[in-house]
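Okay, structure first, notes after.
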Amino acid sequence: MIIDIVKKYEPITSEQIADKLNLTRSALRPDLAILTMIGILEARPRVGYFFTGKAPKNLISERVREIKVDTIKAVPAVITENTSVYDAIVTLFLTDVGTLFVTGEDGCLSGLVSRKDLLKIAIGNADIHRMPVGIVMTRMPNIITVTPEESAYEAAKKIVDHQVDALPVVKVVLEGNQEKYKIVGKVTKTTITKLFVELGQI
Ligand code: ADP
C-alpha cells in the first residue's frame with residue numbers, strides 16, 4: 001500500500017503517507033526505512049519520498065549478478081589422482097562433503113568424483129583399496145568450472161544447467177601455451193542455498 005501511495009502522489013512526505021493509512025508516522029518508520037534501504041523508494045530531504053521504479057524482482061536479479069563467486073566460495077576438499085577409491089570415500093566422510101576435487105602431478109585440476117561416482121564403483125566388484133580415483137573420476141576437459149570473477153548468478157545457473165552439485169572455483173595459469181586450472185575454492189548447492197537465506201533476511 002505504501003508503494004502504491006508513493007507511486008500515485010510522489011513526492012509525498014511520511015506524514016502524508018501516514019495520514020492516508022490512518023497510522024502514526026512512527027508506526028510507518030520501519031517500513032519506510034526498509035523500502036528505502038532496498039531501493040524501492042528514494043527519500044529526498046525536505047521533499048519527500050519518490051518511487052524509484054525498481055520492482056523487488058529486478059533488485060534481486062541485480063544483487064545476485066553483483067555478488068562475485070570470490071565472496072561466496074567455500075573451502076574445497078582436494079585429493080590426488082593416485083588416492084585409492086577407499087581413501088576417497090573416507091575423505092568424503094571426514095570432510096563432510098559430497099564432491100572431491102582431484103589434482104594431477106602438477107597440482108592443477110584434473111578431475112572430480114561425486115558421491116554417486118564412488119557409490120557406483122563401491123557396489124561393484126572392484127578392489128577399492130587398490131583402485132585409484134583417477135580411473136573413476138570425471139576428467140578434464142569435461143569439468144564445469146567457475147572463476148572468482150564470475151557472479152553468484154552465473155555459478156548457480158551452471159549448477160542448474162549441467163545438473164551437478166558442485167563447481168570448482170579456478171584460476172587459469174599458463175604453463176607454456178597450455179592452460180591449467182588452479183583450484184581456489186568451490187561453489188556448491190549448499191553455497192547457493194546459504195546465499196539465498198542471507199538475501200532473504202531483512
Ligand atoms: P551425484 O553423482 O552424487 O548425484 P553430481 O550430480 O554432482 O553428484 O554428479 C553427477 C555426475 O556429474 C557425476 O558423474 C560427476 O562426476 C559429474 N560432475 C559433478 N560435478 C561436475 C562438474 N562440475 N563438471 C563436470 N562433471 C561433474
Report task. For the stretch 107-126, state whether one or more residues are of a type in the set (D, E, K, R), farther than 24 Å from Gln163 by Cβ and outside any strand (DSSP E or B). Result -> no
**Report entry** Among residues of the stretch 41-87, those that are among the β-branched types (Val, Ile, Thr), without any contact (Cβ under 8 Å) to a residue 40 or more places away in the chain and touching a Pro at 6+ places or on another chain (Cβ under 7 Å), counted
**Finding:** 1
Report task. Determine, yes or no, whether Thr103 is out of contact with any Pro (no Cβ under 7 Å at 6 or more places or on another chain), within 14 Å of the ligand (Cβ to nearest atom) and touching a residue at least 60 places away in the same chain (Cβ under 8 Å). Result -> no
Report task. Would you mind listing the helices (runs of 4 or more DSSP H) fully within the stretch 44-95 where at least 3 residues are of a type outside the set (S, T, N, Q) and more than 16 Å from Pro168 (Cα to Cα)? Result -> 56-66, 85-94
Report task. Examine the stretch 179-191 for a residue that is farther than 23 Å from Lys68 by Cα and more than 13 Å from the ligand (Cβ to nearest atom), and state whether such a residue exists. Result -> no
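What number of residues within the stretch 137-173 satisfy the criterion of being touching a residue at least 40 places away in the same chain (Cβ under 8 Å) and either in contact with a Cys (Cβ under 9 Å, 6 or more places away or on another chain) or assigned to a helix (DSSP H, G or I) (or both)? I'd like the intermediate steps shown before the answer.
Residues of the stretch 137-173 touching a residue at least 40 places away in the same chain (Cβ under 8 Å): 137, 140, 146-156, 164-166, 168-170, 173.
Next, only the ones that are either in contact with a Cys (Cβ under 9 Å, 6 or more places away or on another chain) or assigned to a helix (DSSP H, G or I) (or both) stay: 140, 152-156, 170, 173.
The number of residues fulfilling the criteria is 8.
Of the residues Ile121, Ile128, only one is in contact with a helix residue (DSSP H, G or I) (Cβ under 8 Å, 6 or more places away or on another chain), farther than 25 Å from Glu62 by Cα and more than 16 Å from the ligand (Cβ to nearest atom); which? Reasoning before the result, please.
Working: Ile121 fails: more than 16 Å from the ligand (Cβ to nearest atom).
The unique qualifying residue is Ile128.
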Query raised in the report: How many residues are under 30 Å from the mean Cα position of the chain (by Cα) and surrounded by fewer than 17 Cβ atoms within 10 Å (Cβ to Cβ) if we restrict to the stretch 116-133?
Result: 3
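So which of Ser84, Ser110 is touching a strand residue (DSSP E or B) at 6+ places or on another chain (Cβ under 8 Å) and more than 16 Å from the ligand (Cβ to nearest atom)?
On the way: Ser110 fails: more than 16 Å from the ligand (Cβ to nearest atom).
Every option except Ser84 fails the conditions.
None of the figures in this text is laboratory data; all of them are computed from the coordinates on show. These figures come from a predicted structure and were not determined experimentally. With ideal geometry, Cβ positions are generated from the backbone for all residues, glycine too; neighbour counts draw on all protein chains shown.
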